Amino acid sequence: MNNEYRASVVVRTVAYILAAPLIVFGLYVILHGHLTPGGGFAGGAIMATFIALFLVSFGRKGAGSLHRNLFSVLESLGLTVFVVLAFLGISNTFFYNFMVNSGHLFGRVISFGVNPGYLDTGGVIPLMNIAVGLEVFSAISLIVLEMFTYSREDKND
Amino acid sequence: MMKEKNIKGVTLCVLFVFLLVMGFCLRPAGEPVNTEMDDYFITYGQVQTGSNNIVTSVVFDYRGMDTLGEASVLFAAASGVFLVFRGERNE
């Protein structure tokens, strides 16, 4: 029996069309987490949707081209960066925002009220958003990939 | 016997519906009793954390510990999936 999984041309075309917007929108949600609704969790989930769509469209062949260990490393890296950022403010308290209102990187001082939304504000919040986004993206991708790979192997035996 | 059970069930249902409705009547939605914390975050959140999004400022700054737990849960979930799907293969 031919066990080569191949999605229909409709699914593959939609995957091609949606690939770039999904990644760009996910990155946008992560990077603008301190200005607009969303953040690391939502953006990471959006980017992981791309991996799920990729697996749906290209099946086992596509899964073979993804590096599982890379996702694993990225996941651990994201969580480690998050904890390290939390520990960097330990001179005051755990999770102290030591970069806010400093005038340096991500330290632009803003006043109460409406503003245009400057990207370099928020102190460690944007960095934590990026770390969490990386972690969520890798974790969900890894879960989807792992379940896809090993749940299909049983059927082919 | 059967009828007795039905009466008990109906009584219990009526009681729970009554409690649910009374709960909604006691506390109207959108009007919290204690607003000190909300007012604090709304007044000082933007200036203290520098982020326009108050939800993010709470999640990643004031209550960062909670987010750490959430991220750890996801990490544990991925580890669990690894364990379930790969442990089988090694036998």
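The values are calculated or read from the model by the stated rules, or taken from the named source; none is laboratory data. Please read these numbers as outputs of a predicted model, since none were measured by experiment. Cβ coordinates were reconstructed from backbone atoms using ideal geometry, including for glycine residues, and neighbour counts include every protein chain displayed. Areas reflect the complete protein model, heavy atoms only, side chains present, ligands, DNA and RNA absent. Shrake-Rupley method; radii C 1.70, N 1.55, O 1.52, S 1.80 Å.
Looking only at region A:105-126, filter to residues that are touching a Lys or Arg at 6+ places or on another chain (Cβ under 6 Å) and of a type in the set (Ser, Thr, Tyr); which one of those is most open to solvent (accessible area, probe 1.4 Å)? Break it down into steps so the answer makes sense when it comes.
Applying the first criterion (touching a Lys or Arg at 6+ places or on another chain (Cβ under 6 Å)) to region A:105-126 yields A:118, A:120-121.
With the extra rule that they be of a type in the set (Ser, Thr, Tyr), the set shrinks to A:118, A:121.
Values: A:Tyr118: 76, A:Thr121: 2 Å².
In this case the residue turns out to be A:Tyr118.
Return the residues of region A:19-51 that are open to solvent by 30 Å² or more (accessible area, probe 1.4 Å), small (Gly, Ala, Ser) and within 14 Å of chain B (Cβ to nearest Cβ); say none if nothing qualifies.
A:Gly38, A:Ala42, A:Ala45 - these are the residues of region A:19-51 that are open to solvent by 30 Å² or more (accessible area, probe 1.4 Å), small (Gly, Ala, Ser) and within 14 Å of chain B (Cβ to nearest Cβ).
Report yes if some residue within region A:78-88 is crowded, with 18+ Cβ neighbours inside 10 Å, part of a loop (DSSP other than H, G, I, E, B) and more than 15 Å from the chain's Cα centre (by Cα); otherwise report no.
Taking region A:78-88 and keeping what is crowded, with 18+ Cβ neighbours inside 10 Å, we get A:78-79, A:82, A:85-86.
Now narrow it down to the ones that are part of a loop (DSSP other than H, G, I, E, B): none.
Taking every residue of region A:78-88 in turn, none turns out to be crowded, with 18+ Cβ neighbours inside 10 Å, part of a loop (DSSP other than H, G, I, E, B) and more than 15 Å from the chain's Cα centre (by Cα).
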